[in-house]
Amino acid sequence: VRRVLLTGFEPFGGETVNPSADAVRSAARTGVTDAAGAALSIRAAVLPVELARALPVLFELLDEVRPELVLCFGQAGGRCGVTPERVAVNVEEAAEPDNAGAVLSGGPVVAGGPPAYLSTLPVAACVDALHRAAIPASVSTTAGTYLCNHVFYGLMHAVALSSAAASTPDARAAGARADGARGVRRAGFVHVPYAHHQVLGRPETPSLAQHTIDEAVRVVLAACVADLDVPTSTPDRATTVATGRQSPTG
Ligand code: PCA
């Protein structure tokens, strides 16, 4: 049985809901099968929008679930479609503090970490699959510099360290706290727009129905599972998908 970890985020920025949390819970409830019809073992969790806690909570989940595939989701209010993220950057900076009042003041996510990590999800295939399901989608080249990018970068860093851990003592020491990342073969981040019910009084703000966002999570998950057996040596298969216009996140 293939083990999958899905995460969403709690509400932030004055919202009372976060469609990413509702959508991952929905996927765990309804279930998703692979191409051969076998049910996936899905764990869905909701991460705090807190710098000090988001990654520790994620790493605990990795240790517990030992997933092959990790898909993190977050809300990007103002975007028109579902946006698989191409790249996580080693920067955290935002005008708004996190839900615990902590300020993101321009420092790195991981001191001394590489500038960026590319998603190991098949982002173009995800967009194609979403389009086949008639869900608006495009590849995004920025997850912002708030909590979503923080979690995305921290996840990719943990996976990178855990795969290096077998070979170098340095990496083994640094990676020790994310041991559960070791079996992860694909990981990445996907932003979703506001749900309709969040913007009822704001007719100019783009949104999708929550049930469409729920479906988007299942579609992305199925596309990523189908990709699990393709060699990772060619991360950039996004030759046919144009990057859509994006508004800022969070
Ligand atoms: N979106 C924010 C953080 C939590 C969420 O759902 C972001 O894009 O950083």
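The values are calculated or read from the model by the stated rules, or taken from the named source; none is laboratory data. The model shown is predicted, which means the values in this text are computed figures rather than measured ones. Cβ sites come from the backbone with ideal geometry, for glycine too, and all protein chains shown count toward neighbours. Note: areas computed on protein heavy atoms with side chains; ligands, DNA, RNA excluded. Shrake-Rupley method; radii C 1.70, N 1.55, O 1.52, S 1.80 Å.
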Subject >> residue 17 free of Cβ contacts under 8 Å to residues at least 40 places away in the same chain, within 16 Å of the ligand (Cβ to nearest atom), β-branched (Val, Ile, Thr) and open to solvent by 10 Å² or more (accessible area, probe 1.4 Å) >> reply: no
Original post:
Considering only residues of region 20-54 that are within 13 Å of the ligand (Cβ to nearest atom) and of a type in the set (A, V, I, L, M), which is most open to solvent (accessible area, probe 1.4 Å)?
Top reply: 46
Subject >> Selected residue (criterion: farthest from the ligand (Cβ to nearest atom)) from residues of region 1-14 that are open to solvent by less than 50 Å² (accessible area, probe 1.4 Å) and farther than 27 Å from residue 101 by Cβ >> reply: 4
Subject >> Positions within region 62-107 being touching a helix residue (DSSP H, G or I) at 6+ places or on another chain (Cβ under 9 Å) and either aromatic (Phe, Trp, Tyr) or without any contact (Cβ under 8 Å) to a residue 24 or more places away in the chain (or both), in sequence order >> reply: 73
Original post:
Taking region 99-138, which residues are of a type in the set (A, V, I, L, M, F, W, C), in a strand (DSSP E or B), within 23 Å of residue 47 (Cα to Cα) and open to solvent by less than 70 Å² (accessible area, probe 1.4 Å)?
Top reply: 116
Original post:
When you look at residue 248, is it modelled with pLDDT under 50, of a type outside the set (D, E, K, R), within 16 Å of the ligand (Cβ to nearest atom) and surrounded by fewer than 18 Cβ atoms within 10 Å (Cβ to Cβ), yes or no?
Top reply: yes
**OP:** Sort through 85, 96 and tell me the only one that's farther than 14 Å from residue 8 by Cα, surrounded by 24 or more Cβ atoms within 10 Å (Cβ to Cβ) and within 15 Å of the ligand (Cβ to nearest atom).
**Re:** 85
